[in-house]
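To start, the structure itself, in structure tokens.
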Amino acid sequence: MIVERSIDTYKENLANNYALVIVSEKNLETKQLIAINPLVANVEALSPDNIITKLNAGISKTNMELLKVTLPKFYKVSLEHYPSPAELKKLTKSFLSNQYITKVETFEKTHDTTYRLLVLFKNVITVFAFTVAIVTILLISKELRIWQFKHNERMSIMGLFGAPSWLRSAVLFRLAIVDALIASFLAFIIFAYIESMPIIAQEFQHIGIKIVFFDHLYDSLLMLGVSISVSIMLAMFVVLGHKEEV
């Protein structure tokens, strides 16, 4: 979740800092350009004054005004989100379909490099999370066998004395919930401590993003819900796997 938040925030920053430049033969309405593609968030006309000032070397005022008229029109295009290479190509094609637009500068090489690094990082984290999930499943399966051996005899004895199924498994479910509460509390302490470490804030500052590393309310409730669900599921497997002794 922390990695996903970091990537989403980083993509937002990239979208805010990334823009296309389009060149047109005549003035175009910004609303017309925004309507070309839903990915377009904002369009801003770029003033040619800086270019004309650099060319101002003995040019008369009349020629300067004529130059302003004859120069193509430049527009800066901001996007809703950081686009994929496929989205960028589709957007370029949409702009070039306008008869007055002659060029679209997408800064494609820089864009592709940044986007590929972002996707690579996300894929690495996904593989890591998948590996951790497999290890967790294996640990849960081992824990399941331990619980079966631990509680099998007690449940069999209670069954011989006529105890109903819910009563035989009541202790097991109570232990499962207590274990879940303890695990959630320990996780809360660990993540709260990590969040308070100065090095964490420094690292996020270095890459230019600011995120909620650990939401004390939402993340704690989510971890508690997951831990209780897993513990109860484990207890149910023990109960279902219990065989009555005859």
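The values are calculated or read from the model by the stated rules, or taken from the named source; none is laboratory data. This structure is a prediction, so every number in the text was calculated from the model and none was measured. FYI the Cβ positions are ideal-geometry reconstructions off the backbone, even for glycines, and counts take in every protein chain you see. We work out accessible area using only protein heavy atoms, side chains counted, and drop any ligands, DNA or RNA first. Shrake-Rupley method; radii C 1.70, N 1.55, O 1.52, S 1.80 Å.
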Of every Cα-Cα pair in the range 179-246, the percent that sits beyond 14 Å: 68 percent
Formal net charge of residues neighbouring D219 (Cβ-Cβ distance under 15 Å; K, R +1; D, E -1): -2
Alpha-carbon centroids, the range 72-131 and the range 161-235: separation in whole Å: 38 Å
Other-chain or far-sequence residues with amide H under 5 Å of Y82's (modelled H): A15
Local electrostatic count at I207 - Lys and Arg +1, Asp and Glu -1, tallied over other residues with Cβ under 14 Å: 0
Solvent-accessible surface (1.4 angstrom probe) belonging to V3, in square angstrom, nearest 10: 50 Å²
Entries of K89/K122; K26/K89; K31/K89; K11/K31; K11/K109 with Cα pairs more than 19 Å apart: K89/K122; K26/K89; K31/K89; K11/K31
Heavy-atom accessible area order for E195, E203, largest first, 1.4 Å probe: E203, E195
For S184, solvent-accessible area (1.4 Å; no DNA, RNA or ligand), Å²: 20 Å²
